[in-house]
1. Starting from the range 1-27, keep only residues that are without any contact (Cβ under 8 Å) to a residue 60 or more places away in the chain, then list their pairs with residues that are outside any helix (DSSP H, G or I) and surrounded by 13 or more Cβ atoms within 10 Å (Cβ to Cβ) whose Cβ atoms are within a distance under 6 Å, requiring at least 6 positions of separation or different chains.
2. Name the residue that is nearest to Gly55 (Cα to Cα), counting only residues in the range 129-145 that are of a type outside the set (A, V, I, L, M, F, W, C) and buried (at least 17 other Cβ atoms within 10 Å of the Cβ).
3. Give the number of residues within the range 65-99 that are part of a loop (DSSP other than H, G, I, E, B) and either in contact (Cβ under 8 Å) with a residue 60 or more places away in the chain or within 14 Å of Gln152 (Cβ to Cβ) (or both).
4. Restricting attention to the range 15-59, which residues are at pLDDT 95 or above and either surrounded by fewer than 14 Cβ atoms within 10 Å (Cβ to Cβ) or assigned to a loop (DSSP other than H, G, I, E, B) (or both)?
5. Those residues that are touching a residue at least 24 places away in the same chain (Cβ under 8 Å), of a type outside the set (Lys, Arg) and surrounded by 11 or more Cβ atoms within 10 Å (Cβ to Cβ), I need them from the range 100-112; list them, please.
Amino acid sequence: MLLSLVVWIGGLIFFAFVLAPTAFTIPAVLPNTHLAGNVVGRALGKLHWIALVSGIVFLISSLLYSRFTDGTAHVFAARHLLLCLMLALTLVSQFGIIPRMDVLRASLGDVASAPIDNPERIQFDALHVWSTRMEGAVLLLGLVVTYLTARQFGLN
């Protein structure tokens, strides 16, 4: 249960603080932002699948653990509700926002070279802001779930 949560949260932290900044800020790694966007976009898709599997594993494990130790699954425990919210945000990002960004990226080519007042560029930038907010929300919720889970095991 804890391993699945740590994999998800660790992946988010690595993505946000190592992969994305490195891809976009070091020209020696990737020569332009278009390539960096392609790499980061593919990595985010893979991270979302890891998150979905990890979330489901955590949820099932936590429900079973509660059932076997307390006699009830505690379906509406805060950690379960928050984890379901994390899963929902990840699903919206993976199947709602990211595909729309991919379509816009394909039509714009290099997003950074598109005029700032281009309607497609404006829409892409807005979706990017929402994507970033959702990933940040999932990370914060994940830290809360980690705390609640540690408290459940008396690890705080």
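The values are calculated or read from the model by the stated rules, or taken from the named source; none is laboratory data. Here the structure is a predicted model, which means the values were calculated and not measured. Cβ placement follows ideal geometry from the backbone for every residue including glycine, while neighbour counts extend to all protein chains displayed.
1. Correct list of pairs: Ala23/Leu30.
2. Gly142
3. Qualifying residue count for the region: 4.
4. Once the filter is applied, which keeps residues that are at pLDDT 95 or above and either surrounded by fewer than 14 Cβ atoms within 10 Å (Cβ to Cβ) or assigned to a loop (DSSP other than H, G, I, E, B) (or both), the range 15-59 yields Lys46, Trp49, Val53, Ile56.
5. Scanning the range 100-112 gives Met101, Asp102, Asp110, Val111, Ala112.
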